[in-house]
Structure formats: structure tokens, C-alpha cells
């Protein structure tokens, strides 16, 4: 199956084609400042042209659904929906935090050691003191799906609150790897909280971003399982909402996570 992946949740916009049967892939990325739908469509068209892949050859779409940049997520989903409607193909909504966690877990397994259990915590800067985050357990580079129900998958919290939860999980997950553009914010907070800092490792900066190829890989799994949403009601997963501030400027507030 050939799937087009779209990732627009951060400051880098990327698109990728992934064929899980042949292993063939192609990818393109640009800085996403002032991203608009026409620019994203142009990137996709160039990707298809450079890889000699006709648009009609796309069998599914996978889009990074959030959390992340409000504007980027809206644009990415709008373009993904347009292609899905036009071609009559399924669209998979891939959690951005999971798309960050998967390559980090695969990369970190060699450093942790064979059979070692560790947690990857993708962290996205949510402005002020807030972060979007999730806690994903891995063993030998494989995501431990059966353990996910007991952990945070998607939260919007203060960095200090995340560190407190990391400390609570010390016995079950003694090794922690951070990734995402909110990594430095958490490390800065951890430096003021000495019990946590010694347990935190961070992915190299150039590996911390989400990418469309991972989104496509995860999307294929969802499509093959039939886990696809209704296009008419699908919305980005923001985790935060905007409310009017005292001066009339809209300020972010954390939505209750339950």
C-alpha cells in the first residue's frame, strides 16, 4: 500500500510517500514559516513528480493530527481531506506525539541496551510554562502497546507537573528519553528539581522533530486495521483552547484531560 504522509504540526513542514510492500519511500521538507495550503500542495506535487508517482497511485493519506501548531494542523488536515475526498481514499489521523515517540524509541534502544525497558517522552512546546507530552514505554526498540493504557498518552501540562509524574514512574521506567521541541524547557525545569535530572536523557537536536515518513508508517497500520475517522467530523487534536484574555487578546488555557 502506498500512503502519503503529511506533517505540519511544527516549524518544519514535510510530506512523504511510503510503500510498505516494496519499502520504497520519498520525502520532502521545508521550513514552515508562513505556511499556507497552496505551499503544502506544491510540496506534495513536487514530491510526486520527483518520485515518478502519479497522484492516482496514492492509496491512503496519513496526517499528523496534533497537538502542535494550531495553524499548521488546520492547514495539514485541510489539504489531507481535500486529497482524500478527491481520490476517494481513506485518511488516517496519526497522533503527533506518537509520531515523535516511535523513531526516538527505535534510535534510543541501542544506547539503553538489549532488552532494556525505557520511556520515550515526546514534548512539544505549548508556550509559557506548558508542554504537550506523552509517555511511551519501549523495550528493545519496540513500543509496548499493552502498557499504554496506564500511562499518559496526550496531555497539556506544566513542565513541573510532567517531572513529578516522571519521578512517580521511576520503579517501572527508570530510563527516560526526551524528544521534541519542548525538550529544553523540560531540561531547564529539571535542573531546578535535582531528583529528576539524573534520569533524563535527550535525543540529539537534529532528531527531535516529527517527520512525514513516520506519519505515513503509522498511518498504514491504522488504515489496514480499518481505524479511520469520519472525514466530515474529523478535527485537529489541539489539547488546548483559546479564551479571551483580560485585554481582549486571546490567551491559551489548558483543557482538562480527565
I need the shape label for the chain. Rule: rounded when a/c is under 1.5, else prolate if a/b > b/c, else oblate, with a, b, c from the alpha carbon gyration tensor.
oblate
Between residue 140 and residue 38, what is the label-point separation in nm under the 7 Å Cα-to-beta-carbon projection?
5.3
What fraction of the DSSP beta bridges in the stretch 97-207 is antiparallel, stated in percent and rounded to the nearest 5?
65
Given an 8 Å cut-off on Cα distances and at least 6 residues of separation, report the relative contact order of the chain as a percent.
22
Compare the peptides 209-217, 99-107, 44-52, 74-82 by average per-residue count of other Cβ atoms within 10 angstrom and give them in order, highest first.
209-217, 99-107, 74-82, 44-52
Between the alpha carbon centres of the stretch 54-90 and the stretch 143-178 the gap in Å comes to 30
The chain: angle of helix 212-225 to the longest principal axis, Cα-based, in degrees nearest 10:
80
Within the chain, percent of DSSP bridges classed antiparallel, to nearest 5
65
Output the 0 to 90 degree angle, nearest 10, between the alpha-carbon long axis of helix 70-87 and the longest principal axis computed from the alpha carbons of the chain.
30
Based on the Cβ-Cβ distance from residue 172 to residue 224, what FRET efficiency comes out when R0 is 51 Å, to the nearest 0.05?
0.95
Order these peptides, 11-20, 224-233, by their mean beta-carbon neighbour count within 10 angstrom, highest first.
11-20, 224-233
Using all C-alpha to C-alpha distances in the stretch 97-207, build P(r) with 5 Å bins and read off the rounded percent in each one.
2, 13, 26, 27, 20, 9, 2, 0
As I understand it, the value is the acute angle between the Cα axis of helix 159-168 and the longest principal axis of the Cα atoms of the chain; what does it come to in degrees, rounded to 10?
70
What does DSSP give for the stretch 1-128 in terms of the percent of beta bridges that are antiparallel, rounded to the nearest 5?
60
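Where a number appears in this text, it was derived from the coordinates with a stated rule and is not lab data. The model shown is predicted, which means the values in this text are computed figures rather than measured ones. All Cβ positions, even for glycine, are placed from backbone atoms using ideal geometry, and neighbour counts span all protein chains on display.
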